[in-house]
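Working notes, beginning with the structure itself.
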């Protein structure tokens, strides 16, 4: 497996690690009239993100590669930027942040299709990830409209 393939998959692993923490912040610090629904939704999203992280890391192991696994490595490889949300308690601002992160991931998944041409298993994994994120983009966009 070429370095560019390993780098791409580790970019996903790192991005999921950072996104997981951001979603946890939203879950912990959201306040206001939409608290109950937002608290539950952010938990659903961080659970899904954990599963995505595990799927990509396990795919790397199946391919004989080592996924990154430390917080520093997550930050160094992520396309999702770490952001502190302790003072941003409004669910709308949190959803806008999640929408931006999901749009970033959607573009990254698209990049992977050409890169992994001929590796149907990894491509299928990316298709599933993109399908889910596109649905979230649509639903969060509708919520914010």
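Every read-out reported here was derived from the displayed coordinates using simple, explicitly stated rules and does not represent laboratory data. None of the values given here were measured: they were computed from a predicted structure. So basically every Cβ, Gly included, is an ideal-geometry build from the backbone, and we count neighbours across all protein chains shown.
Which of the three applies to segment 26-96, rounded, prolate or oblate, going by the alpha-carbon gyration tensor with a ≥ b ≥ c and a/c under 1.5 meaning rounded?
Since a/c reaches 1.5 and a/b is larger than b/c, the shape of segment 26-96 is classed as prolate.
Can you give me the pair-distance distribution of segment 87-141, C-alpha pairs, 5 Å bins, whole percents?
Result returned by the calculation: 4, 20, 25, 18, 13, 9, 6, 4, 1, 0.
Can you run the Rg to Rh ratio on segment 3-144? Use alpha carbon positions and the Kirkwood inverse-distance Rh.
Computed over Cα atoms, the ratio is 0.98.
Helix 35-62 versus the longest principal axis of the chain: what angle, 0 to 90°, nearest 10, using Cα atoms?
10 degrees
Calculated FRET efficiency, residue 70 and residue 47, Cβ-Cβ r, R0 22 Å, to nearest 0.05?
Plugging the Cβ-Cβ distance into 1/(1 + (r/R0)^6) gives 0.50.
Normalised by the residues of segment 3-144, what does the relative contact order come to in percent, with Cα pairs under 8 Å and at least six apart?
Reported as a whole number, the value is 31 percent.
Does anyone have the angle between helix 91-115 and the longest principal axis of the chain? Alpha-carbon axes, 0 to 90°, nearest 10?
10 degrees
Test of understanding: what is the full-extension gain from residue 3 to residue 24, defined as 0.36 nm times their sequence separation minus their Cα-Cα distance?
Net length gain for the segment: 4.4 nm.
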